[in-house]
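Below: the structure, in structure tokens.
Any read-out appearing in this document is the output of simple, stated calculations on the displayed coordinates, not a laboratory observation. This one's a predicted model, so the numbers in the text were calculated from it and none came from an experiment. Positions of Cβ are generated from backbone atoms using ideal geometry, with glycine treated the same way; all protein chains shown enter the neighbour counts.
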Amino acid sequence: MKIVHSSGQELKLNPGTVLEMERSNPFFNEYGEQSLPVKLPSDEYNRKILGFPDDMAGVNKMPSRADATIQDGLFSIRCRQAILSASRKDGIDTSFFLNIGSFYEKMKDVQLTTVFKDKVVKFSSLTTAINFVRSLMITPDPRFSCFPVLAESHDNGEIICLNRVGGPIKPDGYYTLWNEQYREETVDDKTVSTPAGYYITPFIKAMHLLEEVFKYLGYTLEESFFSRTEPFKSMVFLNNNIDTIVNAEIRYDQIVPSCNISTILDIFRYKFCCEFIPDEARRSVRIVLFNEIADGNASQDLTRLLTAPISINHGGKYKQVKLSAEKGPVLSYSNDEGKLVSLTPDYLSKSMYEIAAMYPEAFIDLTRGWIIREGFSAVDYVIEKVGTLNCGYYAGGTLEAEKKESPDTLVSIEFETLSSGVAPYIGTTRAINSKIVWNNDPTQGSNTENSTQEKSELKPMLCFTAHRTSRFDSGTIYAYLDTRERIWDYSLAYNGPDGLYEKFWRKYDDMLRNSMRPVTTKMLLSDIDKLNISAHEKVIINNQELLPNVIKYNIGKNVPTECTFLTTKLYNPVSSAKSESEHFPSSKYRWNRRWSNSVGSQYNWMQLKEQAPISFFPPPTEEEYRRGGRYHVETHACWFAIEIRLAGKIPILVDKIEGTLTVWLEPVLREW
């Protein structure tokens, strides 16, 4: 066996050195492919190559990682070498990371701002920058999107709109950006002067961000489901900057999330049940969905490599997935002032089965992403929002939960005049290139520290871009627009028929619930086998399809090693999580309130003798709609009168009598 340092020099090894390797499936393990620690001789030759790791007198920091190549017969692979400790007496302790392990080692603790610190799109003027951002709504760009988003001003707490649009409509058929020109507004008796270009910001597309990240790491991102499929092809990371372009440039490090590379990858992994698989030889990366693995054929039959009978562990418990992410606040109108305010309602912490148990009459409005119930009384009809598809996914029950927590923030989608319809609410804004100027004293901001607001961290927030052929683009996380038009088959919410669980996690969850029994055996791998056995693709052993869990092998000594796999066959009785349609009634039909009185149509004024309570009913069933007729009939005692209105005078009531009002509900087809 030879280990060649990145300098091209071969390290000396102790006689009989063996690297004990573990190749783990990234879908079930975190650490990738790595070796157990091994000792190298601490002679002058090795010490010089490795930078004298045992010498305290050195002036430079010891590199924690270095590239290397391991060769043993036909086996040859690039890796990352980690120096763990060094002693002149005991030797140099080191370990090696291969393939996925090497890949993740390269990005450990690397911040996105480091990747993008020198990447800037410059414009000849602020007007050119504004026109460019507006053009993103007209002609889709592979790098950025633009659409209105709602936010809470970090200066005064008012709800505002970034990328706000309005008239006039330009010859290209799209609205003007509200802040294309200088504006003055009065907020809480203060005059705020807003130069052109403020409250306008582009959003970086997620696939563009990934491509640039992997380019920085020395890889090419291959085509995948996400680069081929809308709405993921146009999915963006949102930002809350009010002054991104005021210096006539777009600085990437100001519009990417404040996190490291591995956080971005974890967002994809824990939202879409996928893994990033590197090919070190081709220096490329593939994004592989678990669904693709589950639906694919086995890559090879390993039965010939067995040196011992298999052992199946039936002692472990079956499990289920529990999916979650941080939930962003929602907007509501305050009771006292009627103003839009930001709040975090209790239902955001509830799961769907909990909401269904609390409100059995509620149903899902897929076009809004809401869980609502409809209430009726003698005189009122109300819609109460009791939940949202944004809540985490958890089916409940007795099975142990395997938690998958995505490190992003799931935004709410609001429907407000300010944003001209559907728009994500992104929380509090930030100013990074300027500061707001009050009391009619407009001054352009700069990059100097004294004129810059304190920079808050930008949380990762994903959103789809809904491109429209006129007016303006919109941002949403659902499969519908504000017109209740279905635009695609996916949602970024965890729940619902278009949600992340149904689209990306159900097959994984079914295996957790009904399979994934550990299978252990010993195998003798040749040099070619060590290179070719995939860490994540299905294999066949004894005519059964299995998924690798941990493949162990040695470099420097060819002996049988223990390997573990997981079953994929769903064993009876098969358990599967309920769908939302089983938790909540269908909303295909709705109730139409009808009424009649006992006194005749000439009486145009009515007053209930007693306040009628609001009653909540589930939507009509198919059978109730087919049968028709009256349901939930109620009769109320009332006062009736004839109201006479004279010009310029207070209305008067005449012929006041007692009577009854009968109210009932009839099933009709819902319009949406």
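Assorted remarks:
- Within a straight-line Cα-Cα reach of under 27 Å, Lys48 can be paired with the following lysines, leaving aside sequence neighbours fewer than 8 residues apart in one chain: Lys2, Lys12, Lys39, Lys61, Lys89, Lys106, Lys108.
- Here the Kirkwood formula puts the hydrodynamic radius of segment 168-257 at 15.9 Å, using every distinct Cα pair.
- Legend: ranking of residues Lys503, Lys48 from fewest to most surrounding C-beta atoms inside 10 Å; resulting order Lys48, Lys503.
- Listed peptides 238-250, 123-135 by packing density, highest first (mean Cβ within 10 Å): 238-250, 123-135
- Per residue, the convex hull spanned by the alpha carbons of the chain comes to 222 Å³.
- Put in line by how crowded their Cβ is, counting other Cβ atoms within 10 Å and starting with the fewest, Ile413, Ile77 read Ile77, Ile413.
- With the convex hull drawn around the C-alpha atoms of segment 469-589, the volume per residue stands at 184 Å³.
- Of the trypsin sites (Lys or Arg not before Pro) in segment 299-331, the ones in a loop by DSSP (not H, G, I, E or B) with at most 10 other beta carbons within 10 Å are Lys317.
- By the Cα gyration tensor, segment 242-377 has an equivalent ellipsoid whose semi-axes, rounded to whole angstrom, run 43, 30, 13 from largest to smallest.
- At the listed q of 0.10, 0.16, 0.19, 0.23 Å⁻¹, the Debye profile of segment 1-119, built from one uniform point per Cα, gives log10 I(q)/I(0) equal to -0.34, -0.82, -1.07, -1.38.
- The fraction of Cα-Cα pairs per 5 angstrom bin, counted from 0 for segment 179-328, comes to 2, 6, 11, 14, 13, 12, 10, 9, 7, 5, 3, 2, 2, 1, 1, 1, 0 percent, rounded to whole percents.
- Likely footprinting exposure, His314, His632, His467, fewest C-beta neighbours within 10 Å first: His314, His632, His467
- Fraction of the pair-distance distribution of segment 520-612 above 15 Å, Cα-Cα pairs, percent: 77
- Values of log10 I(q)/I(0), in the order q = 0.19, 0.26 Å⁻¹, for segment 237-298 under a Debye, Cα-only, solvent-free model: -0.85, -1.09
- Cα-Cα over 18 Å, subset of Lys522/Lys557; Lys170/Lys205; Lys317/Lys503: Lys170/Lys205; Lys317/Lys503
- Calculated over segment 586-669: convex hull of Cα atoms, volume per residue (Å³): 130
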